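See below for the structure under consideration.
Bear in mind that the values in this text are calculations on the coordinates, not laboratory data. The shown structure was predicted, so the numbers you read here are calculated from the model rather than taken from an experiment. Glycine gets a Cβ as well: all are built from the backbone with ideal geometry, and neighbour counts include every protein chain shown.
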């Protein structure tokens, strides 16, 4: 845990706050007198919260500014390396894609070559059978389907120590109107703005507008 230097004011108000929950638990609101006492204590709690804001906000602001500056310096230090990483990754991916294209082309060429050799051998066998008077056998040889030759050319890219490649599926939206409903999300922010502005007069299909009572004291909610 990182220790943060607190002012004496912050320490004092934090210490005073520790005693308040136990006092609040002693109040049982059963009549108007206890009801009024609870209201007075709620106002006092809100006042103490304002004191905590006043004592801790400057500390939080300084810590936030220091954290923000540290992040900015980290980002500036890392950006040249991230740029180099992007360049190298693209170059490696492009090279692998080119080698894969060449590999597929070579496989297709070898497959076609094997198929052609198979057809030539079949034709030679059929001619030999017909020359020997085996016409039916020759026809049978010619009618037999040619099995697709299995050809595999291994990847040509050498292994890179500490570097791996994997295929990932991505997507792009081409027509929002065709997207099924289960992939759409409710815009709660927009609905909230309409309900806050119109209250009970808000009419949005599929939405139930209701009212809640919120207790506020000392300008706080």
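Tabulated values for the structure
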item: Computed [θ] at 222 nm, deg cm²/dmol, the chain (DSSP H ≥ 4; -39,500 (n - 2.57); rounded to nearest 500); result: -22000 deg cm²/dmol
item: Cα shape, the stretch 8-151, gyration tensor, a/c 1.5 rule; result: oblate
item: Three-way shape call for the stretch 145-205 based on the alpha-carbon gyration tensor, with the a/c threshold at 1.5; result: oblate
item: Exposure proxy ranking, count of Cβ atoms within 10 Å, fewest first, for 36, 41; result: 36, 41
item: Normalised contact order of the chain, rounded percent, pairs of Cα under 8 Å and 6 or more residues apart; result: 19
item: Highest-fluctuation residue, 193, 111, 30 considered, GNM on the chain with Cα pairs under 10 Å; result: 193
item: Global form of the stretch 13-53, assessed from the alpha-carbon gyration tensor, a/c cut-off 1.5; result: oblate
item: Relative contact order (%) - the stretch 49-166, alpha-carbon pairs under 8 angstrom, separation at least six; result: 27
